[in-house]
Amino acid sequence: MAVDMRGKTFGIITVLLVLVIVFCIKGTVMSRGSGENERKNHYYAALEQEYLERTRILLEEEGLRDCGVNIRWVDDGNGNREYTILLHHRDLNHMSEQEKSALEKMLSGIEFQDAACRFSYVIGS
């Protein structure tokens, strides 16, 4: 009977150690994936900041000083990003569709070139 109890104890300890090893391996794999996402987010954050600065300079050159610029993005789950650029300024509401189209064309010329990114614009209200 004493031998039987030692065998059960050994079996339980073995199962617990295997579970601990499995959880440690899973945690290592998960942290590697998280690090890659973090690097990707830092990469895009730098591109977005540079784009925002260039956008503000272009808008100021076009006479739209203190124009509000909001950048929103959505990840489609495949690593592609859809950016929506929202521009807010009282003068934008008085622009014709042709003027808005010309402004959008200028803005698309300063977009960062990443095949995984698409841009759309909302100009005015």
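Remarks
- Taking the charge dipole of the chain about its Cα centre, with +1 at Lys and Arg Cβ atoms and -1 at Asp and Glu Cβ atoms, the residue from 96, 67, 52 reaching farthest to the positive side is 52.
- Relative contact order [Cα under 8 Å, 6+ residues apart], the chain, whole percent: 21 percent
- Theoretical ellipticity at 222 nm over the chain - DSSP helices of four or more residues, -39500 (n - 2.57) apiece, nearest 500: -21000 deg cm²/dmol
- Relative to the dominant Cα principal axis of the chain, helix 2-61 is inclined by about 10°.
- Antiparallel bridge percentage (DSSP; both residues within the stretch 57-125; nearest 5): 55 percent
- DSSP-defined antiparallel bridges as percent of all bridges, the chain, nearest 5: 55 percent
- Once the 1.4 Å probe is applied to the protein heavy atoms, the chain comes out at 73 Å² accessible per residue.
- Charged-residue dipole, Cβ positions (Lys, Arg, Asp, Glu), the chain about Cα centre, Debye nearest 20: 920 debye
- Each Lys or Arg adds one and each Asp or Glu takes one away; over the other residues whose Cβ falls under 13 Å from the Cβ of residue 74, this sums to 0.
The values are calculated or read from the model by the stated rules, or taken from the named source; none is laboratory data. What you see is a predicted model; the values in this text were computed from it and never measured. Methodologically, a virtual Cβ is constructed for each residue, glycine included, from the backbone with ideal geometry; neighbour enumeration extends over all protein chains shown. Please note that ligands, DNA and RNA were not included when accessible areas were found on the heavy atoms of the full protein model with its side chains. Shrake-Rupley method; radii C 1.70, N 1.55, O 1.52, S 1.80 Å.
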